[in-house]
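The values are calculated or read from the model by the stated rules, or taken from the named source; none is laboratory data. Since the model is a prediction, treat every value here as computed from it, not as a measurement. Cβ placement follows ideal geometry from the backbone for every residue including glycine, while neighbour counts extend to all protein chains displayed. When the accessible area is computed, the model is the full protein with side chains, heavy atoms only, and any ligands, DNA or RNA have been set aside. Shrake-Rupley method; radii C 1.70, N 1.55, O 1.52, S 1.80 Å.
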Amino acid sequence: MPPAHATLRASAGDHWRHNKRTIMDNLKEKTAKGLFWGTLNSGTTQVLNLVIGIFLARLLSPGEYGIVGMLTIFTAIAGNLQSSGFSTALINMKEPQHKDYNSVFWFNILTSITLYVILFFCAPLIASYFRQPCLVELSRFLFLAFVIGSFGIVPNAYMTKHLMVREITIVSTIALLSSGIAGIGLAIGGYSYWSLAWQQVIYISIMNIGRFYFTAWRPSLSIDFSPIRRMFPFSVKILITMIINTVNANILTVIFGRLFSARAVGNFTQAYKWDAMAYSLIANAVAQVAQPVFATISDEQERERRVFRKMMRFAAFLSFPVMFGLTLTANEFVLITITEEWAGSVILLQILSISGAFFPIYLIYRDLMIAKGRSDVYMWCNLAQIIIQIILILLVHSYGMTAMVTVYTIFNILWMLVWQHMAQRLIGVTLAQVLADIVPFALTAAAVMAVTAVATAWICNIIVLFIARVVMAAALYFAVMKVAKVKILDECMAFIARKKRKEQ
């Protein structure tokens, strides 16, 4: 008979392996549920944004949209500064405590109030830069949104950390629907660009109420900022990178606002909005799951590679057909939904949609860097990107807005190679592996759109043409995936089937 201590070791080993399998199974189930609810959240959000956006675009002019669009970069950077990267640090921590959440909560509020005071007095300078006097009062009101938003940053981090994607879906849906109805009502009442400003303020207010309703965590007056100091080395790099990303996302609006008319800026803002709305359908679903999952398995490189590649395939499987499909149908979509007044945004939307197809993939690289604690790599990659990008854009500014958007798009796609190089150094995933994961979906989506374009070119009625292209492209893509026996499609369908069985 084996010695007693050997039997005990074997029993302990079996118990450890059983616990590990259980943890892995639970994580896998949470990830699947997160992706499901994340996709549902993104889908619901984008559908509501689509409907609300169509109503508002029919009620407001490109010039009115352009006025509010000029302020986007200021509200976005202020939002970055108020969170200061600490919410990302909370999500990335293994087991954050109450004092960690509490210190970030009060720090965000104090920071946001300080920033609002600064921006309040800078409003005349902003209006002078864009040569739009109305921006003084508008900006001072719109900037209230990030002060209100500071109260909800920590509850949102708590919900993300605990993969409360279902609750996030409910809150965002209610907030979006309520603020959208309010914005449309104000636009009908003749409040012009103020309706867009009120929509943003109402949206963030309702989001905060919902976050606190679903979150068990509550702030306390026992304030200790020592966790802030401990998180600062990691968070400051995230903060700098967030600001760089915000500048990157809004740099064209800032440049266009100085060089072109409010109407031209409005056309670009509209194109950028539809592009972001489309790729966010996939990107948000992945982003709500990727970082928490990567953080959980950050010490297991082989699992990291498997999860990373699976998320790449999931993102590519959905992103390329959606975004290439938007490029195919952009003209019909714009003319049907928001009328010929916005025809100037069509070519811009088509160009932006190509780079938008790669944005969900970029987010996976980003979350990997953060989960590995390499906020320095994340920061420097983004800093180099924005500097080179600004130089290239300004070099072609004399050729007009379309040329500038084209350069912006091409450069953003090529810069993915830099992110891939860093990912290979971190977890060993090669460029060949990533290309094998995403290129088949990109080529299939492009081929499907080309076939659809040729096959439907004879249709004259614009509504029939739009419907025919959407239906044919979706059917062809699904058919190709099914015939090719693509595993990610089978997994998605199997998960949905299991979900239905559980609900019955």
Item to check | Per-pair calculated FRET efficiency, R0 = 56 Å: residue 430 and residue 178 via Cβ, rounded to 0.05 | outcome: 0.75
Checklist entry - Label-point separation (nm) for residue 454 and residue 216, each offset 7 Å from Cα along Cα-to-Cβ? => result 5.9
Checklist entry - How do 381, 460 stack up against each other in accessible area, from largest to smallest, with a 1.4 angstrom probe? => result 460, 381
Checklist outcome for this item: Here D for the range 351-476, in µm²/s, from Stokes-Einstein with a Kirkwood Rh over Cα pairs at 25 °C and 0.890 mPa s, works out to 143
Next on the checklist: Probe radius 1.4 Å, ligands and nucleic acids ignored: give me the carbon and sulfur share of the accessible area of the range 363-486 as a rounded percent.
Outcome noted: 77
Item to check | Relative packing of peptides 267-279, 404-416 - highest average C-beta neighbours within 10 Å first | outcome: 267-279, 404-416
Item to check | Heavy-atom surface of the range 384-423, accessible at 1.4 Å and reported per residue (Å²) | outcome: 48
Checklist outcome for this item: So the carbon and sulfur contribution to the accessible area of the range 116-181, 1.4 Å probe, in percent, is 72
Next on the checklist: With every protein chain kept in place and ligands, DNA and RNA left out, what is the accessible area per residue of the range 63-174? Probe 1.4 Å, answer in Å².
Outcome noted: 37
